[in-house]
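Accompanying notes for the structure given below.
The values are calculated or read from the model by the stated rules, or taken from the named source; none is laboratory data. Small disclaimer: the values here were computed from a predicted structure and weren't measured. As a convention, Cβ positions derive from the backbone with ideal geometry for all residues, glycine included, and neighbour counts pool all protein chains shown.
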Amino acid sequence: MPQLTPTRKAASIYFCGRAHDPNKFKWNRMISSENKTLATAINQAFLLGDVGFFEQHLSHDFEWHLPGLPEPLKREHFLVMLRSGGTEVKTSRVTNMIAEGNFVVVQSDGKPVQLNGAWRQQHICDIYEIEDGMLIHLTTYFDTAMMEEEMDEG
């Protein structure tokens, strides 16, 4: 297989359900480090319900993809949701964070919730796509086993 060089264009790759041109990725440690710092601030803003932070750091074409929903949530819907009391799942502890170029993957525990009469720990995995200091795309995966249990309760 031929090696990719800066003069050779690679085919689009798919990540988070969207096509990306790998020649536009900023794959260097400085960008990864800056994006990791921003991802940490994003998690803190979720915890505090800091709408102002999100107003400043969401791109105008921001999308929040929640697997299982037919359409991603757009920027304004996301901000309205935050203004009305935040998100249902609030991160309480980041357990792992990996940054590579424009992408940061954050595993975290949410605040415990009561389900079927017992307290359950929530587990979340967020994938942030950050470009020029702005969050352009977020995909959130929730604890599937707990969600199935919650559906059975209803």
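Any residue that is modelled with pLDDT under 80 and surrounded by 11 or more Cβ atoms within 10 Å (Cβ to Cβ) - is there at least one of those in the range 59-72?
So the first thing to find is which residues in the range 59-72 are modelled with pLDDT under 80, and the list is none.
Among the residues of the range 59-72, not one is modelled with pLDDT under 80 and surrounded by 11 or more Cβ atoms within 10 Å (Cβ to Cβ), which makes the answer no.
Kindly state which strands (runs of 3 or more DSSP E) lie completely within the range 93-138 and contain at least 1 residues that are among the basic types (Lys, Arg). So that I can check it myself, show each step before the final result.
On the way: elements: 103-110, 113-115, 118-120, 123-131.
So the answer is 118-120.
Pick from Lys9, Lys90: which is modelled with pLDDT under 75 and exposed (fewer than 12 other Cβ atoms within 10 Å of the Cβ)? Don't jump to the end; show me each part of the working.
Working: Lys90 fails: exposed (fewer than 12 other Cβ atoms within 10 Å of the Cβ).
Answer to the selection: Lys9.
State all residues of the range 57-90 that are hydrophobic (A, V, I, L, M, F, W, C), free of Cβ contacts under 8 Å to residues at least 60 places away in the same chain and not in a helix (DSSP H, G or I); if no residue qualifies, say none.
Within the range 57-90, the subset hydrophobic (A, V, I, L, M, F, W, C) is 58, 62, 64, 66, 69, 73, 78-82, 89.
Of the ones still in play, those that are also free of Cβ contacts under 8 Å to residues at least 60 places away in the same chain are 69, 73, 78-82, 89.
Of everything in the range 57-90, those that are hydrophobic (A, V, I, L, M, F, W, C), free of Cβ contacts under 8 Å to residues at least 60 places away in the same chain and not in a helix (DSSP H, G or I) turn out to be Leu69, Leu73, Val89.
Take Ser108 and decide whether it is at pLDDT 75 or above and surrounded by fewer than 16 Cβ atoms within 10 Å (Cβ to Cβ). Outline the logic, then answer.
Details: at pLDDT 75 or above: yes; surrounded by fewer than 16 Cβ atoms within 10 Å (Cβ to Cβ): no.
For Ser108, the condition - at pLDDT 75 or above and surrounded by fewer than 16 Cβ atoms within 10 Å (Cβ to Cβ) - is not met.
Tell me which of these Phe54 doesn't satisfy, since it passes every other one: (1) assigned to a loop (DSSP other than H, G, I, E, B); (2) aromatic (Phe, Trp, Tyr); (3) at pLDDT 90 or above.
Going through (1) assigned to a loop (DSSP other than H, G, I, E, B); (2) aromatic (Phe, Trp, Tyr); (3) at pLDDT 90 or above one by one, Phe54 breaks only (1).
Which one of these does Lys26 not meet: (1) at pLDDT below 80; (2) part of a helix (DSSP H, G or I); (3) not aliphatic (A, V, I, L, M)?
(2)
Can you tell me how many residues in the range 29-51 are at pLDDT 90 or above and of a type in the set (S, T, N, Q)?
Total satisfying the criteria: 3.
Quick check: is even one residue across the range 74-86 within 13 Å of the chain's Cα centre (by Cα) and modelled with pLDDT of 90 or more?
Filtering the range 74-86 down to residues within 13 Å of the chain's Cα centre (by Cα) leaves 78.
Cutting the leftovers down to modelled with pLDDT of 90 or more gives us 78.
Within the range 74-86, one or more residues are within 13 Å of the chain's Cα centre (by Cα) and modelled with pLDDT of 90 or more.
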